[in-house]
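First up is the structure itself, then whatever we jot down about it.
Quick note: the coordinates plus some simple rules give every number you see, no bench work behind them. Just so you know, these numbers come straight off a predicted model, no measurement behind them. Quick reminder, even Gly has a Cβ in these numbers, built from the backbone with ideal geometry, and neighbours come from all protein chains shown.
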Amino acid sequence: MINDHVRDTIDRFPLGFVATVTPGGRPAVSPKGTFLVLDDKTVAFGDIRSPGTVTNLAANPECEVNFVNILTRKGARLRGQARMLRRGTDAFEALISRWHATWPDLADRIGTLVVIDVAAVKPLTTPPYDDGASEEEMIAAYKAKLAGMYP
Ligand SMILES: Cc1cc2nc3c(=O)[nH]c(=O)nc-3n(C[C@H](O)[C@H](O)[C@H](O)COP(=O)(O)O)c2cc1C
């Protein structure tokens with residue numbers, strides 16, 4: 001389900017935009033940059049200061065996360081259900097070393113690991129691919145664009 005391409009996207013660009021539903025039924029989206037792939041059906045991020053997302057998921061675990069590789073302009077939409085692993089529980093302690101290894105400056109501030117059991121994955125591509133653009137061309141174009149923005 002989380003194939004090599006999706007895993008590569010999340011490994012390189014672990015910034016997922018997490019869509020939840022508020023208890024009042026409104027949509028909410030916020031970015032989380034501490035995503036890791038746990039296995040081919042599971043991703044997780046660290047809750048550092050995301051009270052809204054955590055409140056929404058406690059009331060309704062349904063969520064969708066979008067990941068985009070900003071150079072290839074491809075990505076994935078992951079839909080699933082979230083569960084919360086609180087600091088101090090065996091489940092949290094079994095996993096947190098992965099965040100220490102990847103984000104040593106942030107891991108101590110993670111109070112909860114939000115684990116998403118993925119039910120469906122859909123690919124994302126940008127429309128220039130419909131016109132025949134290649135991945136190499138997209139990477140070159142966006143590297144140049146970023147270099148122009150931050151020379
Ligand atoms: C690029 C980026 C990455 C972020 N990564 C995280 C993260 O991994 N964990 C977290 O708790 N907050 C993260 N934040 C901060 C939350 O998105 C921010 O505090 C937001 O207001 C929380 O909203 P919420 O309470 O509705 O989830 C990140 C913000 C940005 C801009």
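Which of the numbered conditions does ALA94 fail, given that it passes all the others? Conditions: (1) surrounded by 15 or more Cβ atoms within 10 Å (Cβ to Cβ); (2) farther than 23 Å from GLY24 by Cβ.
Unmet for ALA94, out of (1) surrounded by 15 or more Cβ atoms within 10 Å (Cβ to Cβ); (2) farther than 23 Å from GLY24 by Cβ: (1).
Could you say which residue among LEU85, LEU95 is in contact with a helix residue (DSSP H, G or I) (Cβ under 6 Å, 6 or more places away or on another chain) and either outside any strand (DSSP E or B) or over 13 Å from THR34 (Cα atoms) (or both)?
That would be LEU85, the only listed residue that is in contact with a helix residue (DSSP H, G or I) (Cβ under 6 Å, 6 or more places away or on another chain) and either outside any strand (DSSP E or B) or over 13 Å from THR34 (Cα atoms) (or both).
Yes or no: segment 29-50 includes at least one residue that is assigned to a strand (DSSP E or B), within 8 Å of the ligand (Cβ to nearest atom), aliphatic (A, V, I, L, M) and surrounded by fewer than 16 Cβ atoms within 10 Å (Cβ to Cβ).
No - not one qualifying residue is present in segment 29-50.
Could you pull out the residue among ARG87, ARG109 that is without any contact (Cβ under 8 Å) to a residue 40 or more places away in the chain, surrounded by fewer than 16 Cβ atoms within 10 Å (Cβ to Cβ) and more than 14 Å from the chain's Cα centre (by Cα)?
The match here is ARG87.
Taking segment 51-84 as the search range and keeping residues that are among the hydroxyl-bearing types (Ser, Thr, Tyr) and touching a residue at least 40 places away in the same chain (Cβ under 8 Å), which one is nearest to the ligand (Cβ to nearest atom)?
THR53
Out of VAL65, VAL37, VAL18, VAL29, report the one residue that is closer than 17 Å to LEU95 by Cβ and aliphatic (A, V, I, L, M).
Only one candidate qualifies: VAL37.
Quick check: is even one residue across segment 32-52 more than 20 Å from VAL118 (Cβ to Cβ) and of a type in the set (S, T, N, Q)?
No.
Based on what the data block shows, is THR102 of a type in the set (Ser, Thr, Tyr), under 17 Å from ASP39 (Cβ atoms), in contact (Cβ under 8 Å) with a residue 24 or more places away in the chain and within 14 Å of the ligand (Cβ to nearest atom)?
Judged against the criteria, THR102 is a match.
Given the structure, is LEU146 under 20 Å from LEU38 (Cβ atoms) and of a type in the set (A, V, I, L, M)?
So LEU146 fails the test.
What number of residues in segment 1-58 are closer than 17 Å to ALA120 by Cβ and polar (S, T, N, Q)?
Going through segment 1-58 one residue at a time, the tally reaches 4.
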